[in-house]
C-alpha cells in the first residue's frame, strides 16, 4: 500500500517513471552507474570496455545531450575529458547550440568523428571526413517509398544516391527515436500507453506500414509481407551511398510492441531480445551477406554521384537509372519502381544492378546490356525463400520480373569469373 494524492492504492510499488535514457542537464563528466555491472566502479568498467572494443578493431562513438542554455565552453571541456580519459573515437551531439567550429579547431579533437543534424553549423570543414550529417532525410524517404506512397520515388532516389560529396552522411532506417525495424512494419500508429502520458508522447508521424493488421498477427499473408518489407528496408540501407547505421536489435527482430519512445522503460519492453527461439535468423544471415557484399564492392559507398554523366568503361555512366525500358527510368509521381546500375570504372570490375519494385503487383525491368563478356547473375531476391542465391544463377532473359514489393540485386561479371576465378560468394 502507498499513498497517492491522499488515496491508498493496493500496489506492490509506486509506478514512478525513471529517466532511463538520461537526457537531463548535469552529470556530463560521469558515466551512468546504472549501466554498469559494478555500481561502485563504473569508470573503470567503461574504460575497460572501450579498450576491448579497440582491441577488436571497433570504434566507440557516444551520443551527448546538452540541455538548452548549456555553456559552450563547458561542452568543449566535457568532450575533451571523454576523449582524453576514455579514448572515445567520435560523438553524436544532440544540442541546438553545439560549438562545432570550436570542436573542429581544437587540436586535441582533430581525429574525433563528429555527427550532427545541421550541416549549416559545421562550417567549411565538411569534406575532410571529420564531420558527418546525421539527419532524417534518408529514413523518411526510404520509409515513404517502402509504404508505396505516391510522390516518393524521386526523394528516395536522391537520398539513396547521396554519398556526401558536400559532406558525409549517416544513413539509418530505424534508431532509438522511433520504431524498431520489426515494429516499423507491424504498427501503423504508436502505442506508448505504458509511458503514462496517455499516448501523447513520441512521434505521431512515423511513415510506418503495418502490412494489413495492427500489431501481432497470425496471418501468413501479413507475416510474409512483413518479412519481405524488413528485408527490403535492410537492402535499401546497406546498399545506399552513405555510412549505414543499424539500430541494435534490428538484426534479430527486436520489438518494443509499438512503443516508439521508451525513454522510461527499463524493462523487457526496451531491452534487446536476442531472438533465443531463432525466429529471425534470416535477418541476421541477410545482414551478414549484405555487409560482405558492401565490403567486396566498396565503390557502392564512395562513388561520385555529383555528375551522373561521368563515364567509365565502354562509355557507361558511373551510375544510371532504369525502368521497364533500360536507360529510361520512370521517376514520375505515381511510379513505385526503379532500377539502379553502378559501375566502378575498372575494366575487370563487376557491375551492380539493384531493382526496386515497391508496387503491389509484379513489375518487369529491361536489363541494360553489359560491355564485353559480362553477364547478369542474380545475387539476392527479397521475395525468394532462400533470399541469397548461393549459385548466383545467370539471368538469361533480357528482362527481370520482380514480385510485388520486392528488391533484387544482380551482379554483372565476366563469364570466366563465374567458372574459373574461384571467388567465394559475398
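No value in this document is a laboratory result; all are computed from the given coordinates. Remember, predicted model here, so these are calculated numbers, not experimental data. Note that each Cβ is placed from the backbone with ideal geometry, even for glycine, and that neighbours are counted across all protein chains shown.
Normalised by the number of residues in the range 151-237, the average gap of Cα pairs under 8 Å and 6 or more apart makes the relative contact order 29 percent. Classification of the range 226-286 by its C-alpha gyration tensor yields an oblate form. The axis ratio a/c (a ≥ b ≥ c) is 1.5 or more, and b/c is at least a/b. What is the antiparallel percent of DSSP beta bridges lying wholly in the chain, to the nearest 5? Just about 70 percent of them are antiparallel. Against the longest principal axis of the chain, how steep is helix 72-86, in degrees 0 to 90 to the nearest 10, with axes from Cα atoms? Approximately 80 degrees, to the nearest 10. Restricted to Cα atoms, the range 162-235 shows a radius of gyration and a Dmax of 14.8, 47 angstrom.
Axis of helix 220-238 versus longest Cα principal axis of the chain: the two differ by about 90°, to the nearest ten degrees. Fewest neighbouring Cβ atoms within 10 Å first, the residues 286, 334 line up as 334, 286. With the convex hull drawn over the C-alpha atoms of the range 76-214, the volume per residue is 147 Å³.
By the gyration tensor of its Cα atoms, with a ≥ b ≥ c the square roots of the eigenvalues, what is the shape of the range 197-264: rounded for a/c under 1.5, prolate for a/b over b/c, or oblate? The shape class here is oblate. Rounded to the nearest 10 degrees, the inclination of helix 137-147 to the longest alpha-carbon principal axis of the chain is 60 degrees. Each Cα pair under 8 Å and six or more residues apart adds its separation to the average, and for the range 309-420 the resulting relative contact order is 26 percent. Put the Cα centre of the range 361-405 next to the Cα centre of the range 13-87 and the gap is 47 Å. With semi-axes defined as the square roots of five times the eigenvalues of the C-alpha gyration tensor, the equivalent ellipsoid of the chain measures 40, 28, 20 Å, largest first. Dividing the helix sum by the residues of the chain, where each DSSP H run of 4 or more adds -39500 (n - 2.57), gives a mean residue ellipticity at 222 nm of -7000 deg cm²/dmol. For the range 309-420, taking Cα atoms only, Rg and Dmax work out to 13.8, 45 Å respectively.
Here the range 28-104 is treated as an ellipsoid with the same Cα gyration tensor; its semi-axes, largest first and in whole Å, are 24, 15, 10. The relative contact order of the chain comes to 11 percent, based on Cα pairs under 8 Å that sit 6 or more residues apart.
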